[in-house]
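The values are calculated or read from the model by the stated rules, or taken from the named source; none is laboratory data. Model, not experiment: these values are computed from the prediction. What goes into the accessible areas is simple: the full protein's heavy atoms, side chains included, and nothing from ligands, DNA or RNA. Shrake-Rupley method; radii C 1.70, N 1.55, O 1.52, S 1.80 Å.
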Amino acid sequence: MARERRRFGYRRLLILLRRDGIEMNHKKLFRLYKEERLTVRRRGGRKRALGTRAPMALPQGPNQRWSLDFVSDVLADGRRFRVLVVVDDFTRECLALVVDTSLSGRRVARELDRLIDARGKPLMVVSDNGTELTSHAILRWQQDHGVEWHYIAPGKPIQNAFVESLNGRFRDECLNEHLFQGLSAARRIIEAWRLDYNDDRPHTSLGGLTPNEIAARSRKDQNQNGFWL
């Protein structure tokens with residue numbers, strides 16, 4: 001009987017024994033429970049990507065640090081969708097706005113691979129501790145690519161200020177201004193906003209330049225000097 005009930009704690013075993021008419025002192029039962037090594041093992045938490053919480057230096061060039069976050073909204077039919085937001089913290093480029101009803105850790109890893117193929121690998125990625133971003137898929141991705149992953153402290157979105165700033169503009173200027181009839185319409189409108197944000201919108205934090213102008217200037221400096229200024 002004990003072997004059949006190994007998954008139970010001794011207190012529950014005591015109740016079951018009493019139901020069967022077997023009276024036993026709880027101290028004696030606990031002693032037997034320990035002697036027979038029937039103690040239920042506490043299940044450890046799922047292994048997650050740990051990353052680092054060390055203080056971050058300000059990036060000095062493109063691809064030194066990317067920031068990630070998610071934004072949610074609804075379609076005209078009431079279905080919810082999410083947007084994966086990726087920004088280069090130095091140039092302020094909005095690298096991606098990935099729209100879908102579900103965005104798993106595996107999907108995030110695939111989108112990061114796509115960005116790396118297009119523009120190279122970042123030295124660091126910054127994100128919060130959301131389930132998708134602490135998953136096995138992300139753990140494997142950062143190990144395979146040798147990219148440092150920094151998790152901000154829980155409840156401290158200010159530590160991810162660059163992407164939070166972008167999120168605010170994205171919601172005010174795009175999400176709140178449109179009624180999306182479907183995913184395809186949402187993707188088209190959101191991508192158009194992203195291109196305008198990078199190509200045409202001057203940023204006061206960038207001295208009135210656009211993110212793409214900062215990126216072009218940085219590439220020019222790199223070609224001339226062999227390093228980022």
Proximal lysines relative to LYS121, as straight alpha-carbon distance under 20 Å, when same-chain residues fewer than 8 apart are discounted: LYS220
Rounded to the nearest 10 Å², the accessible area of PHE90 at probe 1.4 Å: 50
Heavy atoms of ARG18: accessible area, 1.4 Å probe, square angstrom to 10: 120
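Shape of the stretch 115-229 from its Cα gyration tensor (a ≥ b ≥ c, root eigenvalues): rounded if a/c is under 1.5, otherwise prolate when a/b > b/c, or oblate? Could the numbers behind the result be given before it?
Values: a/c = 1.60, a/b = 1.03, b/c = 1.55.
Oblate, since a/c reaches 1.5 and b/c is not below a/b.
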Karplus-derived 3J(HN,Hα), 6.51/-1.76/1.60, for each residue of the stretch 162-167, Hz, glycine and proline x: 5, 6, 5, 4, 4, 4
Rounded accessible area of LYS220 (nearest 10 Å², 1.4 Å probe): 120
